[in-house]
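Presented below is the structure to which this report refers.
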Amino acid sequence: MKASFFSMLVLSLVLGGIAYHKSPQLPIQAIKSGGGLLLRLIPVLILAFFVAGLMEVLLPKELLMRWVGAESGFKGILIGTCLGAVAPGGPFIQFPIVAALFKAGANIGPLIAYLSAWALIGFNRVIAYEIPLLGFQITFTRLLCSFIFPIIIGYMAKFVYVRF
């Protein structure tokens, strides 16, 4: 957390300096724009962290371990992939949920498969945007090609995470 904070602090100062150099009004405009975004996202963030906390305390540990724990193997990665593919919402919802599941004991493979499927497949985006704009054939082809990757990524994550 400290590294993320200091990285963002340095990035903010550098970009703020560049903006100020271009025009002293740009940092003020950026603060207004960023503040507006923050005000729109606060309700979503509060609810997402509340849901994440509820999942952490309500999910029975033995059920979580059986479905997506260290011993869940292929079944856990497949569950993570399927749930990620149908998970609604953006990153402000997904990342707190994944963090809570990890803290509660879910294994890295199913969690990374979940996030990968959410990003690669995302059926809510498929239905709302992809089929209407690209048509069924292109969408089906992409989905068919994409479905295997969260599974592969989940297995790779288990291997990589242990070593680093």
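The values are calculated or read from the model by the stated rules, or taken from the named source; none is laboratory data. Predicted model only: the values in this text are computed from it and were never measured. Every residue, glycine among them, receives a Cβ derived from its backbone with ideal geometry; neighbour counts consider all protein chains shown.
Assorted remarks:
- For region 147-158, a tally of residues being at pLDDT 95 or above and over 10 Å from residue 77 (Cβ atoms) returns 3.
Per-residue answers, yes or no, for (1) outside the structural domain of residue 118 (by TED's automatic domain parsing); (2) out of contact with any helix residue (DSSP H, G or I) (no Cβ under 8 Å at 6 or more places or on another chain):
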{"site": "12", "(1), (2)": "yes, yes"}
{"site": "19", "(1), (2)": "yes, no"}
{"site": "38", "(1), (2)": "yes, yes"}
{"site": "49", "(1), (2)": "yes, no"}
{"site": "73", "(1), (2)": "no, yes"}
{"site": "81", "(1), (2)": "no, no"}
{"site": "86", "(1), (2)": "no, no"}
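- Positions within region 11-24 being of a type outside the set (S, T, N, Q) and over 25 Å from residue 99 (Cα atoms), in sequence order: 13, 14, 15, 16, 17, 18, 19, 20, 21, 22, 24
- Residue in region 71-78 that is surrounded by 13 or more Cβ atoms within 10 Å (Cβ to Cβ), of a type in the set (Gly, Ala, Ser) and assigned to a loop (DSSP other than H, G, I, E, B) present: yes
- The set of residues in region 53-70 that are of a type outside the set (D, E, K, R) and either over 18 Å from residue 113 (Cα atoms) or outside any helix (DSSP H, G or I) (or both) comprises 53, 54, 55, 57, 58, 59, 60, 63, 69, 70.
- Hits in region 103-129 (condition: modelled with pLDDT under 95 and part of a helix (DSSP H, G or I)): 103, 104, 123, 124, 125, 126, 127, 128, 129
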